[in-house]
Structures are given as structure tokens and as C-alpha cells.
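Working notes for the structure below.
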Amino acid sequence: MIHITNGDSANSYLKKIGIQGQFQAWHDVLHHGPITEQTDLIKISEYRSEFLADFFCIALPDVKAKFKQRDDALLALDPTDEIVLWLTPELFDCLIGLQFLAWFKSSHMESNSLKIVMLPDHLPPREHNAEHVQRYFQTRFTPEKAFYDLANTVWQALIFPEQLQSTKLNQCLALEFKYWPSLKLAITRFLEETPPKPELSRTQWQILDILSVKPLSLAQLFGENQQLEEIPFMGDLSFWSILELMRDLVDIDTQECILHQDLMFYHLHQVALSDNGMKVITGDGYLT
């Protein structure tokens with residue numbers, strides 16, 4: 001049995017509470033950057049590696065090594081090996097689930113080898129305890145055709161070219177989501193996060209709105225942004241990457257790149273709204 005999760009923290013938690021098996025993180029953040037229509041794992045990894053390395057300031061060989069570990073683990077499976085896909089309500093997980101299911105349907109695996117655990121909380125959980133998570137694991141299910149059909153329809157919309165993607169995803173909101181209720185909210189949040197250029201994303205607007213009240217430490221800004229999310233989904237590295245690219249709209253009291261710093265760095269350094277940021281907030285400025 002191999003468990004597919006959104007990251008190493010989820011894997012560590014599941015091991016800690018006694019879930020047995022092999023664990024593999026998907027190692028991608030699909031609400032950032034382009035998404036390929038490819039379902040071949042090697043081609044997916046090649047397509048995403050360079051973007052992720054550049055966006056997160058990570059050495060390209062390190063990104064490729066993570067993907068290779070994932071790809072090798074999945075491609076080594078026998079067709080009847082049980083795979084457990086862990087899905088939470090957050091956008092991060094829903095996008096991973098869609099891409100995983102697209103790969104699975106095109107893979108050598110037998111359809112009844114897949115089981116899904118649908119959690120109502122994050123992983124590691126914020127509101128549920130280990131016993132609850134173990135109970136949800138016992139309710140894992142084999143997806144029916146209607147589940148796959150829904151996932152495939154949304155996936156096909158997601159991989160449309162950028163100029164059509166928004167229209168196709170908005171059309172998906174009229175679908176029946178009873179088999180995957182959190183997916184509808186995830187689509188809505190994805191649309192808010194990926195507006196047509198040069199519009200700001202919801203996260204960028206939230207940052208400007210928060211800072212229009214008063215300057216904050218980097219850590220405080222991250223925390224307040226999380227509070228504005230119905231279902232928090234963005235990790236701190238994603239947040240710092242977005243903020244680093246907003247230096248024309250915000251003033252950070254250091255020219256040092258804010259990615260990959262120690263914890264104290266984020267408590268010591270402050271960020272405020274710049275003059276340009278204030279003009280955008282008041283409607284007197286223009287986005288380029």
C-alpha cells in the first residue's frame with residue numbers, strides 16, 4: 001500500500017499516528033505556474049521542474065531529484081498494488097488530486113487498486129485528532145465512474161490555454177459536486193488566485209488590504225492573510241514568493257530575498273504599503 005499526500009509533513013503525521021504503508025508526497029504546488037496536459041509522469045516532471053526551481057529559488061537538480069523520487073515510486077508499482085489518495089478540502093490538495101487522477105486513469109494500474117480518503121480537515125489536521133483521521137482512513141473508498149467523470153471534466157478545463165481556462169472553469173461550477181464537495185470551492189478559489197494579467201490575485205489584494213491598516217512583521221502578515229482564507233491552503237514559501245514579487249507595491253525593510261530564511265528573520269523584518277501600493281488601493285494607480 002502506498003499513500004499519496006500533499007507533502008512530507010502529511011507523511012510524517014500519518015506515520016506518527018500508526019498508518020501503515022509506503023508514503024509518497026506529490027511534490028508540486030499547482031496553484032502556481034502553468035499546468036501541462038501531459039499525464040506521463042516523466043513529462044509532467046520535466047514540464048514543472050524549471051518553473052518551480054525559478055519561482056521558489058530552489059536549485060533545479062534538487063527539484064528534479066524530488067520528482068524523480070516520486071516518479072520512480074509510482075512507476076515501480078504493480079498494477080494491483082493498493083494506492084491511497086488522501087484528499088483534504090484545501091485548493092492545494094484538490095489540484096494535486098486532479099492531476100494524480102489524470103495520471104492514474106492513463107497508467108498501468110487497475111482501476112480497483114485506488115482508494116480515496118476524503119478528510120474534512122487539513123493534513124496534519126487543525127481541528128481533528130489522530131483518532132478521527134484513523135477513522136476516516138477506515139472509510140476509504142473506491143471511486144465510482146461519476147467521481148472520475150467529474151474529476152476529468154474539471155481537469156480538462158484546468159489544462160485549457162490561459163485565455164480560455166477561466167471560462168471553462170466557470171462553466172464547471174454548474175456541475176454536480178456531491179461526489180467531491182470541496183472541489184467546487186477549490187475551483188472558485190483557483191479562479192480568484194489566477195485572474196487575467198495584469199489583474200492582482202486575491203492573495204495580492206489581501207496583502208494590500210492588510211497593509212493599508214498598518215505595517216506588520218512578515219510573520220504577522222502571513223498570519224493575517226491566513227485568517228482571511230475560508231480554507232487556508234498556501235504555505236509560507238508560496239506566500240514569501242508572491243510577496244517578493246510585489247516589491248513595487250510594498251516596502252520591505254530589507255533588500256535581502258525573503259525566501260528560505262530562518263524563523264527569526266520573519267519576526268524581525270517589517271513590511272508596509274508603498275506609495276504605489278496605496279495608489280492601487282485607492283484606485284489612483286495602474287497595474288502593469
Qualifying residues in segment 236-257 (those that are within 23 Å of Phe51 (Cβ to Cβ) and acidic (Asp, Glu)) - the one least open to solvent (accessible area, probe 1.4 Å): Glu244
Residues of segment 104-125 classified as outside any loop (DSSP other than H, G, I, E, B), open to solvent by 10 Å² or more (accessible area, probe 1.4 Å) and of a type outside the set (Ser, Thr, Tyr), total: 4
Any hit, segment 148-166, residues being of a type in the set (A, V, I, L, M, F, W, C) and either part of a strand (DSSP E or B) or loosely packed, with under 15 Cβ neighbours inside 10 Å (or both): yes
Single condition Leu185 does not satisfy, out of (1) outside any loop (DSSP other than H, G, I, E, B); (2) open to solvent by 80 Å² or more (accessible area, probe 1.4 Å); (3) under 17 Å from Ile35 (Cβ atoms): (3)
Boolean, Gln261 is polar (S, T, N, Q), in a helix (DSSP H, G or I) and open to solvent by 30 Å² or more (accessible area, probe 1.4 Å): no
Residue tally, condition touching a strand residue (DSSP E or B) at 6+ places or on another chain (Cβ under 6 Å) and in contact (Cβ under 8 Å) with a residue 60 or more places away in the chain, over segment 129-177: 1
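Filter segment 23-45 down to the residues that are under 17 Å from Phe55 (Cβ atoms) and not hydroxyl-bearing (Ser, Thr, Tyr) and list them by number.
If the condition is that a residue be under 17 Å from Phe55 (Cβ atoms) and not hydroxyl-bearing (Ser, Thr, Tyr), then Trp26, His27, Asp28, Val29, Leu30, His31, His32, Gly33, Pro34, Ile35, Ile44 are the ones that fit.
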Unmet criterion (only one of (1) open to solvent by less than 40 Å² (accessible area, probe 1.4 Å); (2) in a helix (DSSP H, G or I); (3) out of contact with any Phe, Trp or Tyr (no Cβ under 6 Å at 6 or more places or on another chain); (4) closer than 20 Å to Phe92 by Cα) for Ser45: (3)
Residue ID - nearest to Met278 (Cα to Cα), chosen from residues in segment 217-232 that are open to solvent by less than 10 Å² (accessible area, probe 1.4 Å) and of a type in the set (A, V, I, L, M, F, W, C): Leu221
Selected residue (criterion: surrounded by the fewest Cβ atoms within 10 Å (Cβ to Cβ)) from residues of segment 188-202 that are closer than 18 Å to Cys172 by Cβ and among the charged types (D, E, K, R): Glu192
Unique match (being in contact (Cβ under 8 Å) with a residue 12 or more places away in the chain, of a type outside the set (Val, Ile, Thr), touching an Asp or Glu at 6+ places or on another chain (Cβ under 8 Å) and not in a helix (DSSP H, G or I)) among His31, His27: His31
Filter pass, Asp54 being acidic (Asp, Glu), part of a helix (DSSP H, G or I), closer than 13 Å to Ile4 by Cβ and in contact with a helix residue (DSSP H, G or I) (Cβ under 9 Å, 6 or more places away or on another chain): no
Segment 188-201, residues that are in contact with a Leu (Cβ under 9 Å, 6 or more places away or on another chain) and either under 16 Å from Gly223 (Cα atoms) or not in a loop (DSSP other than H, G, I, E, B) (or both): Thr188, Arg189, Phe190, Leu191, Glu193
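The values are calculated or read from the model by the stated rules, or taken from the named source; none is laboratory data. Predicted model only: the values in this text are computed from it and were never measured. FYI the Cβ positions are ideal-geometry reconstructions off the backbone, even for glycines, and counts take in every protein chain you see. To get the accessible areas, we keep the full protein, side chains included, count just its heavy atoms, and leave off ligands, DNA and RNA. Shrake-Rupley method; radii C 1.70, N 1.55, O 1.52, S 1.80 Å.
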